[in-house]
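Working notes for the structure below.
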Amino acid sequence: MIAGPCSVESREQLRAVALALTEMPEVSMVRCGVWKPRTRPGGFEGLGEPALRWMVDIAQELAQDGKTIEFACEVARQEHVELVLKYGLKCVWIGARTTASPFMVQELTEALRGTDLTVLVKNAPSPDVRLWMGAIERCRQVGMKEVMAVHRGFDVFKNGGYRNHPLWEVPIELRRAMPEVPIITDPSHIAGRRELLEEVAQSALDLGFDGLMIEVHPHPEEALTDGQQQVTPNGLKELLGSLTFRQTESVVADEELRLLRSRIDRIDDQLLRLLASRLEVSEKIAQVKARDNLAVFQPKRWDSLLQQRLSEAIDLGLEQEFVKEIFEKIHAESVRVQMNAKG
Ligand code: PEP
Ligand code: MN
């Protein structure tokens, strides 16, 4: 669990959050932005070096009471890394806008080379898992030992009421492709508003992700950045109290689960076989169309097929959007196969 303010705004603000969070055993790291990437100019851009000095002071103050605290902040440039090392931070994160640019990631990772910082890599704003993987790979190439991913949602046209749509299939794909990389969910930047945090955080836990990063501010309504999504330390306590933490691996062999999974396996096998026979028919159709001098893509046929499938979907109680996406994919593959088959 990583928690802390979107941005460091003053010594008092940072101290208040840090003190409150050290009282919460779940929280292992305090996040706090020192250099803020603003999409448009003119906003609060972070306090830079003085904020790092406060972190050291606050950590020392807490150490006198026998408490330990670790801070993490975003780095985007070589100078940031140098300063973070100067003040002894152990963990940094690469922000979404940096991950989007392989040139920037490359430069940044050169600055990280030879350090033993833990690096958290946020996903790029666009739902391209390869950019995310690329930034993780670049960290590894320069020898970073501890690299984790942070899922902060995606900037998509239909945002579904989120600030950044979670598109869970993307971190799920990252998990498949890089199973050794821990994935931390950032419900704050996904939700964009406090009311939605619980739902997003619970989904992350239900899906078996490894941790949460949540923005916490002593007075969220006065925050200089991301005020709507930050919670007070008490708000965080309440949120954690309302969440159900799941086991990621079943420790006991549940017989019912095993049987249900084998049913799923059999159904998937049937689905695959049906897809293969459907595509065989598509190839035959390609030959007939070529013989009759017909275009491969027939918009009217596609439209009526889709409408039919969607109305069947309603009868079967299936989500229309889900069925639409599946048939769009199947149709695209059928068109591809037909284009190949016609030679
Ligand atoms: C942040 O964590 O404060 C931040 C700027 O996030 P992101 O890079 O995900 O937009
Ligand atoms: Mn933020």
Could you run through the stretch 228-237 and say how many residues are more than 10 Å from ligand 2 (Cβ to nearest atom) and either open to solvent by less than 30 Å² (accessible area, probe 1.4 Å) or within 14 Å of Pro187 (Cβ to Cβ) (or both)? 5
Restricting the stretch 24-75 to residues that are at positive phi and surrounded by 13 or more Cβ atoms within 10 Å (Cβ to Cβ), which is nearest to ligand 1 (Cβ to nearest atom)? Gly46
Quick one: is Ser262 under 20 Å from the mean Cα position of the chain (by Cα) and more than 16 Å from ligand 1 (Cβ to nearest atom)? no
Answer with yes or no whether Gly153 is modelled with pLDDT of 95 or more and either crowded, with 17+ Cβ neighbours inside 10 Å or within 16 Å of ligand 2 (Cβ to nearest atom) (or both). yes
Do any residues in the stretch 224-253 that are over 18 Å from Ala3 (Cα atoms) have Cβ atoms under 7 Å from those of residues that are open to solvent by 50 Å² or more (accessible area, probe 1.4 Å) and not hydroxyl-bearing (Ser, Thr, Tyr), where the two are at least six apart or on different chains, and which pairs are they? Arg246/Asp206; Ser250/Leu257
What do you reckon, is Glu9 within 12 Å of ligand 1 (Cβ to nearest atom) and surrounded by 20 or more Cβ atoms within 10 Å (Cβ to Cβ)? no
Restricting attention to helices (runs of 4 or more DSSP H) lying wholly within the stretch 26-139, give those where 3 or more residues are among the hydrophobic types (A, V, I, L, M, F, W, C). 49-64, 78-86, 102-112
I'd like to verify a number: residues in the stretch 285-312 that are among the basic types (Lys, Arg) and either outside any helix (DSSP H, G or I) or surrounded by 12 or more Cβ atoms within 10 Å (Cβ to Cβ) (or both), how many? 2
Residue selected from the stretch 205-227 under the condition among the charged types (D, E, K, R) and within 12 Å of ligand 1 (Cβ to nearest atom), by the criterion least open to solvent (accessible area, probe 1.4 Å): Glu215
Exception for Thr115 within (1) over 16 Å from Ala149 (Cα atoms); (2) open to solvent by 60 Å² or more (accessible area, probe 1.4 Å) falls at (2)
Among the residues of the stretch 165-194 satisfying the criterion of being outside any helix (DSSP H, G or I) and touching a residue at least 60 places away in the same chain (Cβ under 8 Å), which is farthest from ligand 1 (Cβ to nearest atom)? Ile184
What's the number of the only condition in (1) touching a Leu at 6+ places or on another chain (Cβ under 6 Å); (2) in contact (Cβ under 8 Å) with a residue 40 or more places away in the chain; (3) within 16 Å of ligand 2 (Cβ to nearest atom); (4) of a type outside the set (A, V, I, L, M) that Pro127 fails to meet? (3)
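The values are calculated or read from the model by the stated rules, or taken from the named source; none is laboratory data. Owing to the predicted nature of the structure, the values given are computational and were not obtained by experimental measurement. No Cβ is skipped: glycine too gets one built from the backbone with ideal geometry, and neighbour counts run over all protein chains shown. For accessibility, only protein heavy atoms count, side chains too; no ligands or nucleic acids. Shrake-Rupley method; radii C 1.70, N 1.55, O 1.52, S 1.80 Å.
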